[in-house]
(Lines give C-alpha, C1' and ligand atoms only; values in the text may rest on other atoms or scores of the structure.)
Protein backbone atom coordinates (compact mmCIF):
# COMPACT_ATOMS: atom_id res chain seq x y z
CA UNK A 1 0.00 0.00 0.00
CA UNK A 2 2.87 2.37 0.76
CA UNK A 3 4.24 1.82 -2.74
CA UNK A 4 0.94 3.01 -4.23
CA UNK A 5 1.31 6.34 -2.41
CA UNK A 6 4.93 6.97 -3.40
CA UNK A 7 5.89 9.56 -6.03
CA UNK A 8 9.00 9.95 -8.18
CA UNK A 9 11.91 12.33 -7.58
CA UNK A 10 11.20 14.14 -10.85
CA UNK A 11 7.62 14.94 -9.82
CA UNK A 12 8.84 16.10 -6.42
CA UNK A 13 11.34 18.52 -7.99
CA UNK A 14 8.65 19.80 -10.36
CA UNK A 15 6.38 20.42 -7.36
CA UNK A 16 9.15 22.37 -5.62
CA UNK A 17 9.60 24.54 -8.71
CA UNK A 18 5.85 25.19 -8.89
CA UNK A 19 5.63 26.20 -5.21
CA UNK A 20 8.69 28.46 -5.43
CA UNK A 21 7.46 29.91 -8.70
CA UNK A 22 4.05 30.85 -7.26
CA UNK A 23 5.70 32.34 -4.16
CA UNK A 24 8.10 34.45 -6.23
CA UNK A 25 5.34 35.48 -8.65
CA UNK A 26 3.17 36.83 -5.81
CA UNK A 27 6.16 38.73 -4.42
CA UNK A 28 6.87 40.18 -7.88
CA UNK A 29 3.24 41.28 -8.27
CA UNK A 30 3.36 42.98 -4.85
CA UNK A 31 6.50 44.91 -5.85
CA UNK A 32 4.95 45.96 -9.16
CA UNK A 33 1.82 47.27 -7.44
CA UNK A 34 3.83 49.06 -4.73
CA UNK A 35 6.12 50.62 -7.31
CA UNK A 36 3.40 51.91 -9.61
CA UNK A 37 0.54 52.57 -7.24
CA UNK A 38 -0.60 56.15 -6.81
CA UNK A 39 -3.17 56.04 -4.05
CA UNK A 40 -6.58 54.65 -3.34
CA UNK A 41 -8.31 51.95 -1.35
CA UNK A 42 -8.19 49.28 -4.04
CA UNK A 43 -4.42 49.20 -4.49
CA UNK A 44 -3.65 49.21 -0.78
CA UNK A 45 -6.19 46.48 -0.04
CA UNK A 46 -4.84 44.41 -2.92
CA UNK A 47 -1.31 44.59 -1.51
CA UNK A 48 -2.62 43.67 1.94
CA UNK A 49 -4.44 40.58 0.65
CA UNK A 50 -1.44 39.49 -1.42
CA UNK A 51 0.83 39.83 1.62
CA UNK A 52 -1.54 37.64 3.66
CA UNK A 53 -1.74 35.10 0.86
CA UNK A 54 2.07 34.96 0.80
CA UNK A 55 2.20 34.53 4.58
CA UNK A 56 -0.24 31.60 4.36
CA UNK A 57 1.37 30.08 1.32
CA UNK A 58 4.87 29.80 2.79
CA UNK A 59 4.17 27.25 5.58
CA UNK A 60 1.49 25.57 3.44
CA UNK A 61 3.96 25.13 0.58
CA UNK A 62 6.67 23.83 2.91
CA UNK A 63 4.17 21.34 4.35
CA UNK A 64 3.26 20.04 0.89
CA UNK A 65 6.94 19.67 -0.04
CA UNK A 66 7.67 17.73 3.16
CA UNK A 67 4.65 15.45 2.76
CA UNK A 68 5.49 14.63 -0.86
CA UNK A 69 9.14 14.08 0.14
CA UNK A 70 7.91 11.50 2.64
CA UNK A 71 5.90 9.79 -0.11
CA UNK A 72 9.05 9.18 -2.18
CA UNK A 73 10.12 6.63 0.42
CA UNK A 74 7.51 6.65 3.22
CA UNK A 75 9.49 4.57 5.71
CA UNK A 76 12.91 6.24 5.40
CA UNK A 77 11.91 9.78 4.47
CA UNK A 78 8.99 9.80 6.89
CA UNK A 79 11.30 8.86 9.74
CA UNK A 80 13.80 11.56 8.75
CA UNK A 81 11.08 14.21 8.72
CA UNK A 82 9.74 13.18 12.12
CA UNK A 83 13.23 13.28 13.64
CA UNK A 84 13.95 16.67 12.04
CA UNK A 85 10.66 18.12 13.29
CA UNK A 86 11.41 16.90 16.81
CA UNK A 87 14.89 18.45 16.80
CA UNK A 88 13.63 21.73 15.34
CA UNK A 89 10.53 22.00 17.54
CA UNK A 90 11.46 25.32 19.21
CA UNK A 91 12.41 27.18 15.98
CA UNK A 92 9.31 25.80 14.26
CA UNK A 93 7.08 26.89 17.14
CA UNK A 94 8.57 30.38 16.87
CA UNK A 95 8.11 30.34 13.08
CA UNK A 96 4.42 29.40 13.16
CA UNK A 97 3.72 31.77 16.07
CA UNK A 98 5.18 34.59 14.01
CA UNK A 99 3.05 33.72 10.99
CA UNK A 100 -0.11 33.80 13.09
CA UNK A 101 0.83 37.23 14.44
CA UNK A 102 1.68 38.55 10.98
CA UNK A 103 -1.54 37.16 9.53
CA UNK A 104 -3.53 39.18 12.08
CA UNK A 105 -1.60 42.40 11.32
CA UNK A 106 -0.42 42.49 14.93
CA UNK A 107 2.71 44.48 14.03
CA UNK A 108 3.71 47.03 11.44
CA UNK A 109 6.97 48.74 10.61
CA UNK A 110 7.37 52.03 12.43
CA UNK A 111 5.17 50.95 15.34
CA UNK A 112 6.56 51.61 18.81
CA UNK A 113 6.32 48.75 21.29
CA UNK A 114 7.76 47.76 24.66
CA UNK A 115 8.92 44.22 25.45
CA UNK A 116 10.26 43.72 28.97
CA UNK A 117 12.79 46.56 29.36
CA UNK A 118 13.20 47.09 25.62
CA UNK A 119 11.25 49.97 24.12
CA UNK A 120 11.71 50.95 20.52
CA UNK A 121 10.40 51.24 17.00
CA UNK A 122 9.92 48.16 14.81
CA UNK A 123 12.54 48.40 12.09
CA UNK A 124 12.16 44.97 10.47
CA UNK A 125 9.57 42.19 10.58
CA UNK A 126 11.24 38.87 9.83
CA UNK A 127 10.10 35.26 9.79
CA UNK A 128 11.43 34.52 13.27
CA UNK A 129 11.08 37.83 15.06
CA UNK A 130 11.18 41.62 15.13
CA UNK A 131 14.15 43.95 14.96
CA UNK A 132 13.61 46.87 17.34
CA UNK A 133 15.43 50.12 16.88
CA UNK A 134 16.16 51.34 20.40
CA UNK A 135 18.21 54.25 21.69
CA UNK A 136 21.23 52.04 22.22
CA UNK A 137 21.06 50.52 18.73
CA UNK A 138 19.05 47.55 17.47
CA UNK A 139 17.76 44.44 19.20
CA UNK A 140 16.21 41.27 17.82
CA UNK A 141 13.25 39.77 19.70
CA UNK A 142 11.74 36.46 18.62
CA UNK A 143 8.00 35.86 18.46
CA UNK A 144 8.01 33.28 21.24
CA UNK A 145 9.38 35.92 23.62
CA UNK A 146 6.66 38.34 22.51
CA UNK A 147 3.97 35.79 23.35
CA UNK A 148 5.57 34.48 26.55
CA UNK A 149 6.62 37.81 28.09
CA UNK A 150 3.97 39.99 26.45
CA UNK A 151 4.33 43.36 24.77
CA UNK A 152 2.80 46.81 24.93
CA UNK A 153 2.02 49.07 21.97
CA UNK A 154 3.22 52.54 22.90
CA UNK A 155 1.78 55.90 21.95
CA UNK A 156 3.06 59.42 22.41
CA UNK A 157 6.56 60.79 22.03
CA UNK A 158 8.73 59.33 19.32
CA UNK A 159 11.97 57.50 19.96
CA UNK A 160 14.98 59.77 19.62
CA UNK A 161 16.05 60.07 15.99
CA UNK A 162 12.94 58.42 14.51
CA UNK A 163 10.68 60.72 12.54
CA UNK A 164 7.40 60.29 10.70
CA UNK A 165 6.67 62.72 7.88
CA UNK A 166 3.71 63.16 5.57
CA UNK A 167 4.99 64.17 2.16
CA UNK A 168 2.61 65.41 -0.51
CA UNK A 169 3.76 66.18 -4.08
CA UNK A 170 2.04 69.18 -5.70
CA UNK A 171 -0.47 68.66 -8.49
CA UNK A 172 1.85 70.44 -10.93
CA UNK A 173 4.70 67.98 -10.39
CA UNK A 174 5.14 65.74 -13.43
CA UNK A 175 6.61 62.72 -11.67
CA UNK A 176 4.80 62.09 -8.38
CA UNK A 177 5.91 58.49 -8.05
CA UNK A 178 7.37 56.91 -4.93
CA UNK A 179 10.49 55.98 -6.89
CA UNK A 180 11.15 59.64 -7.69
CA UNK A 181 10.80 60.56 -4.02
CA UNK A 182 13.17 57.77 -2.99
CA UNK A 183 15.74 58.91 -5.56
CA UNK A 184 15.64 62.44 -4.18
CA UNK A 185 15.94 61.27 -0.58
CA UNK A 186 18.90 59.09 -1.54
CA UNK A 187 20.87 62.25 -2.28
CA UNK A 188 19.91 63.85 1.04
CA UNK A 189 22.86 64.23 3.48
CA UNK A 190 20.63 64.51 6.57
CA UNK A 191 19.24 60.97 6.54
CA UNK A 192 20.92 58.16 8.43
CA UNK A 193 21.12 55.50 5.71
CA UNK A 194 22.11 52.82 8.17
CA UNK A 195 18.31 52.73 8.68
CA UNK A 196 16.84 53.12 5.16
CA UNK A 197 13.63 55.20 5.02
CA UNK A 198 10.35 53.32 4.84
CA UNK A 199 7.85 55.07 2.55
CA UNK A 200 4.21 54.07 2.11
CA UNK A 201 1.25 55.45 0.19
CA UNK A 202 -1.50 56.82 2.44
CA UNK A 203 -5.15 57.27 1.55
CA UNK A 204 -6.39 60.80 1.06
CA UNK A 205 -10.10 61.74 0.94
CA UNK A 206 -9.54 63.96 -2.10
CA UNK A 207 -7.62 61.23 -3.96
CA UNK A 208 -4.47 63.34 -3.84
CA UNK A 209 -1.21 61.42 -3.73
CA UNK A 210 0.44 61.41 -0.31
CA UNK A 211 3.25 59.46 1.30
CA UNK A 212 4.11 58.57 4.88
CA UNK A 213 7.85 58.32 5.48
CA UNK A 214 9.52 56.78 8.51
CA UNK A 215 13.15 57.77 8.65
CA UNK A 216 16.02 58.57 10.95
CA UNK A 217 18.07 61.74 10.72
CA UNK A 218 21.74 61.90 11.70
CA UNK A 219 21.09 64.57 14.31
CA UNK A 220 17.82 65.95 15.69
CA UNK A 221 18.49 69.42 14.27
CA UNK A 222 18.72 67.91 10.80
CA UNK A 223 14.97 67.33 10.71
CA UNK A 224 14.14 70.96 9.97
CA UNK A 225 16.84 71.03 7.28
CA UNK A 226 15.36 67.91 5.70
CA UNK A 227 11.86 69.39 5.69
CA UNK A 228 13.19 72.63 4.18
CA UNK A 229 14.95 70.63 1.46
CA UNK A 230 11.74 68.75 0.63
CA UNK A 231 9.88 72.04 0.36
CA UNK A 232 12.59 73.36 -1.96
CA UNK A 233 11.98 70.30 -4.15
CA UNK A 234 8.31 71.27 -4.31
CA UNK A 235 6.83 68.81 -1.78
CA UNK A 236 4.53 69.71 1.07
CA UNK A 237 5.88 68.21 4.27
CA UNK A 238 4.76 68.02 7.88
CA UNK A 239 5.70 65.83 10.86
CA UNK A 240 3.12 63.28 12.07
CA UNK A 241 3.03 60.59 14.77
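The values are calculated or read from the model by the stated rules, or taken from the named source; none is laboratory data. What you see is a predicted model, and the numbers here were worked out from it, not measured in a lab. Every residue, glycine among them, receives a Cβ derived from its backbone with ideal geometry; neighbour counts consider all protein chains shown.
Being touching a helix residue (DSSP H, G or I) at 6+ places or on another chain (Cβ under 6 Å), over 27 Å from residue 146 (Cβ atoms) and at pLDDT below 80 holds for only one residue in 33, 81, and it is 33. Just one of the numbered conditions (1) assigned to a helix (DSSP H, G or I); (2) in contact (Cβ under 8 Å) with a residue 12 or more places away in the chain is not true of residue 84: (2). The set of residues from segment 107-126 being in a loop (DSSP other than H, G, I, E, B), surrounded by fewer than 16 Cβ atoms within 10 Å (Cβ to Cβ) and free of Cβ contacts under 8 Å to residues at least 40 places away in the same chain comprises 108, 116, 117, 126. When the residues of segment 153-170 are filtered to those that are at pLDDT below 80 and part of a loop (DSSP other than H, G, I, E, B), the one that is surrounded by the most Cβ atoms within 10 Å (Cβ to Cβ) is 161.
Between 130, 102, 71, the distinction of being surrounded by 12 or more Cβ atoms within 10 Å (Cβ to Cβ), touching a strand residue (DSSP E or B) at 6+ places or on another chain (Cβ under 8 Å) and outside any strand (DSSP E or B) belongs to 102 only.
I'd like to know if segment 184-207 contains one or more residues that are on the phi > 0 side of the Ramachandran plot and assigned to a loop (DSSP other than H, G, I, E, B). Within segment 184-207, one or more residues are on the phi > 0 side of the Ramachandran plot and assigned to a loop (DSSP other than H, G, I, E, B).
On the basis of being in contact with a strand residue (DSSP E or B) (Cβ under 9 Å, 6 or more places away or on another chain), over 24 Å from residue 123 (Cβ atoms) and not assigned by TED's automatic domain parsing to the domain that holds residue 123, does residue 170 make the cut? Yes: the conditions hold for residue 170.
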